[in-house]
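The structure under discussion appears below in the form of structure tokens.
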Amino acid sequence: MSRSAFSSRLAEMKDLPRLSSLMALSIENLQRGFLNDAQIAASRAVMGLDTQLVQDGTYFIVEEGEHLAGCGGWSRRATLYGGDHSAALRDPAMLDPASDAARVRAMYTHPDFARRGVGRLILDLCEEAAMAEGFTRAEMMATMSGQPLYEACGYREIEKVEHEVDGVTVPLLRMGKNLTSTLNPTRTGHRDPVHRF
């Protein structure tokens, strides 16, 4: 499927119900084969909606017509992962582009749009927006289901992390990328972070 089928824009607060629904579907369906049922259930405690990203204007929506295909964003804040409900993981401190890595956050694809380039498109949008604000590196906390995509887009392992929820261990992977060493091979030359493909 060509990227021309998709449009992108910044999320607004009115989009939150749709975003929450997409995230629930993504967590439930796209982690199968990577996590067991108990781990999928436990992962909901560390994944989900972070409204700070929407308020900061750094969270993107990708749509095909009226259908929400995916969402994801980046942040100039220190929080690496977690949603509104995981307060212990949150750190709202502002990052310094000269010394800190921008955070790639809360990447989700609707199961109906998996493996159609939505994740790569969102990563491009996030990286371009972060570079426009002076960041030269990006980091993320990847799920096991997201790791293959992120590796294909140039992200490399920094450390393995095990997040325990009620006795269930959820494996995660901290990954990073130098944004200035090479351009992402999926880039199409666009520079406006909110545009139509």
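Bear in mind that the values in this text are calculations on the coordinates, not laboratory data. Just so it is clear, the structure is predicted and the values come from calculations on it, not from any experiment. So basically every Cβ, Gly included, is an ideal-geometry build from the backbone, and we count neighbours across all protein chains shown.
Summary of values
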item: Label-point gap, in nm, between residue 85 and residue 180 - each point 7 angstrom along Cα→Cβ; result: 4.0
item: Potential extension, residue 115-residue 159 segment - 0.36 nm per residue separation minus Cα distance; result: 13.3 nm
item: MRE, 222 nm, helices only [DSSP H, n ≥ 4, -39500 (n - 2.57), over the chain, to nearest 500]; result: -7000 deg cm²/dmol
item: Cα gyration tensor, the range 1-122 - rounded (a/c under 1.5), prolate or oblate; result: oblate
item: Separation between Cα centres of the range 55-109 and the range 10-44, rounded to whole Å; result: 15
item: Length added when fully stretched, residue 100-residue 152, from 0.36 nm per residue minus Cα-Cα; result: 16.4 nm
item: Cα→Cβ-extended label distance, 7 Å offset, between residue 12 and residue 24, nm; result: 2.4
item: Inter-label distance, nm, simple model (7 Å from Cα along the C-beta direction), residue 67/residue 36; result: 3.4
